[in-house]
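What follows is a set of notes on a single structure, which appears directly below.
The values are calculated or read from the model by the stated rules, or taken from the named source; none is laboratory data. Nothing here was measured: the structure is a model prediction, and the numbers come from that model. Glycine also receives a Cβ, built like all others from the backbone with ideal geometry; neighbour counts cover every protein chain displayed.
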Amino acid sequence: MLPADCSLRLVAELRAALDACGEQQRQLDQSLRVCRRLLRAWEPTRPAAPEPTPGPEPNEEDPSPACAPSLQDLTELELLTQALEKAVRVRKGISKVGEGDKAPSLKPRTVATPPATTTSVPPQAPGQAGNGTSETRSPRGIRQPKVPARSLPEHRLLSTRERTSLGRGARATRPSLGDQQVTPSVTPLVPEAFTLKEKGTLLRLPMAFWKAASQNAHLWAQIDSTQASDSANAAARTRFLLKMQAAVSCQACGSLRTGGRLKELPGKSQHGMTREALGSAAWATVLAPTDCVQEYRCLLLLEGLQATVGQCLHWLQELRKVVAKHHLELCPSGMPARASCLCEGGADAAWSPQPLLYSSTQELQTLAALRLRVAMLDQQLHLEKVLMDELLPLVRTQRPCCAAVCRAVHSLLCNGGQHFPTVLQDEPAD
Amino acid sequence: MGRRRRPAGRAAGTGTGARALPEAIAALCRTLPAGPGPETFRRAKFDLPEAAPALWRLLSCVLSPRSEADTTGSLTREAQVRLVKSAMRSQGYPRPALFQLPEDGSQGSRELLLALSWLLARGPLIEQLLARTRVRLGDEMPVCECEDLACGRASPGLPTPSKDADSCVDVRHVQWLMGKLRFRWRSLISSHQEHCALLSKIHKYTQGCHSDRNLGHLSVAETELLRDPEGGQQLLQMLEFENVRLEAALEWRRLEQVFWQWMDTVLGASPPDSPNAGSQPTFLPSIPERVAGELELVSRELQALQKELQEAVEVRRASWEAQVRGQGPEWSAEMRASKEAVGQELAALWQAWEREGSLAQPHRPNRLVRSEAGAPPGQGLWATEAIGALRSKEACLEAVLCWLQGQSQQELAKLAGALPGVIWIPPHGR
């Protein structure tokens with residue numbers, strides 16, 4: 001059994017690691033659900049029951065408000081419905097004949113329909129009237145009944161122009177009157193569900209969204225550029241900070257400067273300094289230099305590192321003196337330790353996203369796997385240090401040392417708990 | 001929102017300043033999350049108590065760690081006060097008056113205003129807040145492990161629960177937790193692989209759809225928007241809201257100077273700090289409670305490192321001197337060049353360490369874009385480069401981990417060797 005404070009720390013660290021993993025897994029599962037749903041056949045998102053409610057419902061995001069359907073709109077609607085019925089008949093005829101070229105027969109329809117009322121007649125889509133949309137609100141209301149999956153692709157495949165006229169491309173309204181009339185005749189047609197695989201290239205983003213997104217990108221780019229050329233503001237800020245510092249009494253100042261460096265210490269020492277330095281040293285010793293020049297460089301690097309480490313040690317001694325002298329008030333804060341990163345987060349970091357280009361699934365998977373491996377290694381390193389910090393003193397001080405404890409500690413420290421050394425009791429033959 | 005014209009009693013400011021200041025403060029309020037009205041700022045200058053609650057709320061929202069940003073709204077006033085105080089302490093805020101404000105959050109609006117300005121002056125606070133709640137339109141994949149690291153560490157300042165007998169754990173429990181962690185990592189990695197495959201498919205199927213030719217294909221968020229228009233509406237609203245905040249941030253940057261002039265007057269108006277700080281505890285940026293232990297650990301590591309470096313240097317020097325004996329005079333030029341190069345490398349390394357102590361800057365976000373391997377990237381990061389960088393990091397970390405494990409193994413082997421009547425067989429491969 002391990003002593004209490006040791007156990008607490010170890011369990012706390014491991015639980016934190018486990019929770020972080022668990023949290024990542026949860027978020028990832030959510031994304032996976034979304035992705036899988038996208039790759040299946042798309043189902044309509046509205047409830048299936050047709051709403052018989054008359055009267056237009058307000059559709060606030062639609063930019064083309066038309067309050068009451070005028071007589072002209074209704075007649076146009078009738079014409080459209082008839083046209084679509086005819087299209088369905090023609091299509092039935094064609095599909096009976098065989099996989100004819102549907103396009104020519106349907107194209108005249110596209111040309112004929114006035115731009116105010118739109119029809120989408122992409123070659124593959126069944127000629128269901130569902131997509132006979134009108135800008136004007138049909139009396140059956142905006143919130144149209146859910147249409148069967150086969151007709152859903154219609155409103156995806158609108159051209160951009162038609163989308164603009166609709167406002168929100170996805171909010172295709174259906175003349176339910178026409179709908180219900182036409183539906184029975186269309187049922188015999190083969191339903192084609194929308195899948196991303198087959199028809200993904202026909203999708204288009206809604207105009208309003210695209211506008212907002214490009215505005216967003218533009219603004220972020222502006223923020224980047226203003227940050228880069230920000231010297232006057234930076235000067236004003238520095239002046240203010242100095243004034244504020246000057247207004248504070250000096251004694252606090254001195255200890256704060258030390259304290260500031262102390263704050264950097266965990267970050268630097270635990271990760272940056274020792275690991276980087278160790279890394280370089282490991283490299284330098286492992287590297288077999290091939291010629292004189294490399295040999296010399298190795299030597300210089302090692303000597304330089306040695307000097308740096310000596311400097312750090314000296315600085316550390318100073319800090320220890322300060323810590324001992326000032327009886328520091330240690331304030332527990334609720335904030336998690338800021339783990340430092342191996343990469344140099346540049347001083348001029350930009351805010352707007354940059355494209356990360358990949359060319360194959362393999363590459364993407366390699367990238368993800370490597371990133372996770374590096375994070376895992378980093379965590380393992382941290383845990384290794386914690387374990388060494390806690391367990392080695394125990395093993396050293398416990399006399400007589402129990403073989404079982406040694407074995408357990410060895411497995412934890414040297415293999416991350418994966419392998420165990422074998423311990424044989426060698427009883428002397430009496 | 002209150003009067004926009006400043007009272008004539010304000011000391012500083014030019015003619016244009018009198019107009020620009022309200023605009024600047026209004027822009028600041030618009031861009032901050034949970035932003036108070038401009039009236040609050042005016043009241044705070046005169047240290048009126050009505051302004052205090054709003055400022056406490058604002059600061060607690062701004063300072064709360066990333067994962068808890070949503071819950072600060074539900075904190076009680078006292079909890080907000082405590083959070084703000086501890087967070088400011090850990091950031092190294094120089095003025096002691098803030099920490100002496102009463103816990104009920106009824107006073108100190110001027111001090112809070114100064115604290116907010118200090119935060120604004122120190123770093124790109126506005127941009128960081130905006131980046132924290134950024135609407136993510138693309139599929140993002142971080143190329144470094146910073147995000148993962150930040151969550152996986154146990155908070156060093158957690159109040160240690162009472163050490164009762166129940167908190168002692170067996171070392172086998174620790175082994176079990178390690179195994180569980182390993183398993184979770186493995187399933188996380190495989191989930192990520194699946195996620196990458198799905199992303200790649202979605203990108204492939206929607207090639208050519210995006211209105212932005214540089215991107216070429218849709219991301220998951222955009223495809224989801226097309227599949228589910230209602231969810232898309234929400235996304236659009238969030239985008240528009242963010243655009244408003246971004247515009248406010250840009251305006252703030254334009255008018256910032258005036259604000260700093262005004263803050264100088266506020267600083268002047270606040271009472272000077274009492275020079276006697278003897279009775280006050282020297283508060284320092286939050287350090288882990290185990291300061292002495294940390295320093296000890298670091299010092300031990302550095303000393304071990306120095307020993308290792310010394311040995312390596314001796315070996316290298318010997319071999320180099322043997323090699324250099326046969327070299328001619330052209331050597332000296334090469335030697336000088338090598339010296340310079342190594343000097344630069346070491347300086348860069350030192351700078352990187354120094355920079356780690358600075359404020360954590362979030363990395364530039366990446367948006368995944370699938371493109372052909374040979375195409376010119378323009379602006380962007382190739383996955384292959386990121387993979388290369390990650391591989392070298394991985395090698396470095398593995399080397400360090402091996403070294404640490406070797407250290408523990410040596411020590412444990414010594415201890416185990418001292419056990420009487422026991423044969424110690426290390427596991428295979430060690």
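Can you list residue pairs whose Cβ atoms sit under 8 Å apart, with the first residue in the range B:401-412 being in contact (Cβ under 8 Å) with a residue 60 or more places away in the chain and the second being in a helix (DSSP H, G or I)? Count only pairs 6 or more apart in sequence or on different chains.
Cβ pairs passing all conditions: B:Gln407/A:Met388; B:Gln407/B:Ala304.
Go through B:Ser219, B:Ser211, B:Ser190 for me and flag whichever is among the small types (Gly, Ala, Ser) and crowded, with 19+ Cβ neighbours inside 10 Å.
B:Ser219
I'd like to know if the range A:318-327 contains one or more residues that are modelled with pLDDT under 50, more than 7 Å from chain B (Cβ to nearest Cβ) and over 39 Å from the mean Cα position of the chain (by Cα).
Within the range A:318-327, one or more residues are modelled with pLDDT under 50, more than 7 Å from chain B (Cβ to nearest Cβ) and over 39 Å from the mean Cα position of the chain (by Cα).
Quick one: would you say A:Leu364 is surrounded by 19 or more Cβ atoms within 10 Å (Cβ to Cβ) and either among the polar types (S, T, N, Q) or at pLDDT 80 or above (or both)?
The answer is yes for A:Leu364.
What pairs come up if the first residue lies in the range A:219-236 and is more than 13 Å from A:Ala350 (Cα to Cα), the second is of a type in the set (Asp, Glu), and their beta carbons are under 6 Å apart, counting only those six or more places apart or on different chains?
A:Asn233/B:Glu256
Out of B:Lys180, B:Lys204, report the one residue that is in a helix (DSSP H, G or I) and touching a strand residue (DSSP E or B) at 6+ places or on another chain (Cβ under 7 Å). So that I can check it myself, show each step before the final result.
Numbers: B:Lys180 fails: touching a strand residue (DSSP E or B) at 6+ places or on another chain (Cβ under 7 Å).
Step by step, each of B:Lys180, B:Lys204 is checked, and only B:Lys204 is in a helix (DSSP H, G or I) and touching a strand residue (DSSP E or B) at 6+ places or on another chain (Cβ under 7 Å).
Going by the structure shown, is A:Leu387 of a type outside the set (Gly, Ala, Ser), surrounded by 20 or more Cβ atoms within 10 Å (Cβ to Cβ) and in contact (Cβ under 8 Å) with a residue 40 or more places away in the chain?
Taking the combined requirement at face value, the residue satisfies it.
Of the conditions (1) facing another protein chain (nearest Cβ under 7 Å); (2) surrounded by 20 or more Cβ atoms within 10 Å (Cβ to Cβ), A:Asn415 fails just one. Which one is it?
The single condition A:Asn415 does not satisfy is (2).
Yes/no matrix, rows are residues, columns are (1) closer than 30 Å to B:Ile189 by Cβ; (2) at pLDDT 50 or above; (3) in contact with a Phe, Trp or Tyr (Cβ under 6 Å, 6 or more places away or on another chain):
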{"position": "A:Ala17", "(1), (2), (3)": "yes, yes, no"}
{"position": "A:Leu38", "(1), (2), (3)": "yes, yes, no"}
{"position": "A:Ala41", "(1), (2), (3)": "yes, yes, no"}
{"position": "A:Thr45", "(1), (2), (3)": "no, yes, no"}
{"position": "A:Ser64", "(1), (2), (3)": "no, no, no"}
{"position": "A:Glu76", "(1), (2), (3)": "no, yes, no"}
{"position": "A:Leu80", "(1), (2), (3)": "no, yes, no"}
{"position": "A:Ala87", "(1), (2), (3)": "no, yes, no"}
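Within the range B:393-401, does at least one residue satisfy the condition of being assigned to a helix (DSSP H, G or I) and at pLDDT below 70?
Initial filter on the range B:393-401 (assigned to a helix (DSSP H, G or I)): B:393-401.
Keeping just the survivors that are at pLDDT below 70 gives none.
Checking the range B:393-401: not a single residue is assigned to a helix (DSSP H, G or I) and at pLDDT below 70.
Could you check, for the range B:236-246, whether at least one of its residues is within 7 Å of another protein chain (Cβ to nearest Cβ), surrounded by fewer than 20 Cβ atoms within 10 Å (Cβ to Cβ), within 31 Å of the chain's Cα centre (by Cα) and in contact (Cβ under 8 Å) with a residue 40 or more places away in the chain?
Scanning the range B:236-246, I find at least one residue that is within 7 Å of another protein chain (Cβ to nearest Cβ), surrounded by fewer than 20 Cβ atoms within 10 Å (Cβ to Cβ), within 31 Å of the chain's Cα centre (by Cα) and in contact (Cβ under 8 Å) with a residue 40 or more places away in the chain, so the answer is yes.
Hey, could you check the range A:356-410 for residues that are more than 7 Å from every other protein chain (Cβ to nearest Cβ) and among the hydroxyl-bearing types (Ser, Thr, Tyr) and say which is nearest to A:Ser7 (Cα to Cα)?
Among those residues, the one meeting the criterion is A:Thr397.
Among the residues of the range A:12-21, write down those that are free of Cβ contacts under 8 Å to residues at least 12 places away in the same chain and within 7 Å of chain B (Cβ to nearest Cβ).
Of everything in the range A:12-21, those that are free of Cβ contacts under 8 Å to residues at least 12 places away in the same chain and within 7 Å of chain B (Cβ to nearest Cβ) turn out to be A:Ala12, A:Ala16, A:Leu18, A:Ala20, A:Cys21.
Given the conditions (1) closer than 12 Å to A:Leu196 by Cα; (2) in contact with a Gly (Cβ under 7 Å, 6 or more places away or on another chain); (3) assigned to a helix (DSSP H, G or I), report the number of the one that B:Thr223 does not fulfil.
Result: B:Thr223 passes all but (2).
One residue is enough: does the range A:329-344 have a residue meeting the conditions under 37 Å from the mean Cα position of the chain (by Cα), at pLDDT 80 or above, among the hydroxyl-bearing types (Ser, Thr, Tyr) and crowded, with 18+ Cβ neighbours inside 10 Å?
No, there is no match, as no residue in the range A:329-344 is under 37 Å from the mean Cα position of the chain (by Cα), at pLDDT 80 or above, among the hydroxyl-bearing types (Ser, Thr, Tyr) and crowded, with 18+ Cβ neighbours inside 10 Å.
Can you pull out the residues in the range A:408-422 that are of a type in the set (Gly, Ala, Ser) and at pLDDT 80 or above? Full working, then the answer.
First, pick out the residues of the range A:408-422 that are of a type in the set (Gly, Ala, Ser): A:408, A:411, A:416-417.
Residues satisfying the conditions are A:Ala408, A:Ser411.
Looking at B:Trp382, is it in contact with a strand residue (DSSP E or B) (Cβ under 6 Å, 6 or more places away or on another chain) and either in contact (Cβ under 8 Å) with a residue 24 or more places away in the chain or on the phi < 0 side of the Ramachandran plot (or both)?
It is true that B:Trp382 is in contact with a strand residue (DSSP E or B) (Cβ under 6 Å, 6 or more places away or on another chain) and either in contact (Cβ under 8 Å) with a residue 24 or more places away in the chain or on the phi < 0 side of the Ramachandran plot (or both).
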